[in-house]
Amino acid sequence: MTQPPTVHIFETSIRVMIVCSERVIRAALRALIDGQPGTKVIAEIETLDAAYAAIMSDRPDVTLLDPDQYNGEDVADLLQVGMTTTRIILLTGSPNSTSIAAALENGAVGLVLKQQAPEILNKAITKVHAGELWLDRAATARLLAELSRPSPVRPVDPEAERTAQLTKREREVTALVGDGLRNSQIANRLCISEVTVRNHLTAIFRKLELSNRFQLVIYAFQHGLAVLPTQPRAAATLSPQVDYQKKSS
């Protein structure tokens, strides 16, 4: 008896919205994303006002935002509004330490450079949808270098009162997070359980008024709670994972 041919059906698990002012770029991104099994573009948006409305109504899993042609303050507003509804990746051609830090503070969870290979973007969408953070390694290196630059006049740290609330153990956990250790590794290093590590992190986030692990890393470097590495790791594993990517050749 002849067996019927096997049909492979991919369920669209990742619904992607593209926000970009340039029609040609939107079309190219749609072709790239729709050509990848498991991802589907549900909307192409030209203006930030329309993007806000679409995010609220369509609730995409991932929003790919090209910030290069928009006002920075308007981009920040969209990030803050959309961060609770969708996972936002910035696709930019000219990153700098200021824009990266601002984007992370305002809710972006991914950063991809336009000059990178197309497969990097597809991987970033998949990783971000899975709850991870995706950052370009070179751009992150510039951010860390900026944070480590000494200031000619060091004013009183306005965050001193917050950092003073941290217990000795919470400071140890913060330092190890800054070193790129996962919860299981921190637990092994400090001879405590992973549940205890998570409890410490919850307390740290509350005391420092931070919302994610990468913000904690940046905060720790800024305020002397962690030692800045001389070189960023190629794939520092954080939880949620921060995936540092090398620039494609």
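The values are calculated or read from the model by the stated rules, or taken from the named source; none is laboratory data. This is a predicted model, so every value here is computed, not measured. We place every Cβ from the backbone using ideal geometry, glycine too, and count neighbours over all the protein chains shown.
Report whether or not Ile55 is within 20 Å of the chain's Cα centre (by Cα) and not in a strand (DSSP E or B).
yes
Taking Ala124 and the conditions (1) modelled with pLDDT under 75; (2) of a type in the set (Gly, Ala, Ser); (3) in a helix (DSSP H, G or I); (4) more than 26 Å from Arg189 (Cβ to Cβ), which numbered condition does it fall short on, given that it satisfies the others? Ala124 satisfies all of (1) modelled with pLDDT under 75; (2) of a type in the set (Gly, Ala, Ser); (3) in a helix (DSSP H, G or I); (4) more than 26 Å from Arg189 (Cβ to Cβ) except (1).
Taking the condition of being of a type in the set (Phe, Trp, Tyr) and either in contact (Cβ under 8 Å) with a residue 12 or more places away in the chain or not in a helix (DSSP H, G or I) (or both), how many residues in the stretch 170-218 meet it?
Start the filter on the stretch 170-218 by keeping residues that are of a type in the set (Phe, Trp, Tyr), which leaves 205, 214.
Next, from what is left, pick out any that are either in contact (Cβ under 8 Å) with a residue 12 or more places away in the chain or not in a helix (DSSP H, G or I) (or both): 214.
Count: 1.
Evaluation of Thr167 against the conditions (1) at pLDDT 90 or above; (2) more than 23 Å from the chain's Cα centre (by Cα); (3) surrounded by 13 or more Cβ atoms within 10 Å (Cβ to Cβ) shows that the sole unmet condition is (3). Quick check: anything in the stretch 204-224 at pLDDT below 90, over 26 Å from Arg87 (Cβ atoms) and not polar (S, T, N, Q)? Checking the stretch 204-224: at least one residue is at pLDDT below 90, over 26 Å from Arg87 (Cβ atoms) and not polar (S, T, N, Q). Picking from residues in the stretch 58-69 that are at pLDDT below 90 and either crowded, with 20+ Cβ neighbours inside 10 Å or within 20 Å of the chain's Cα centre (by Cα) (or both), the one that is nearest to Trp134 (Cα to Cα) is Pro67.
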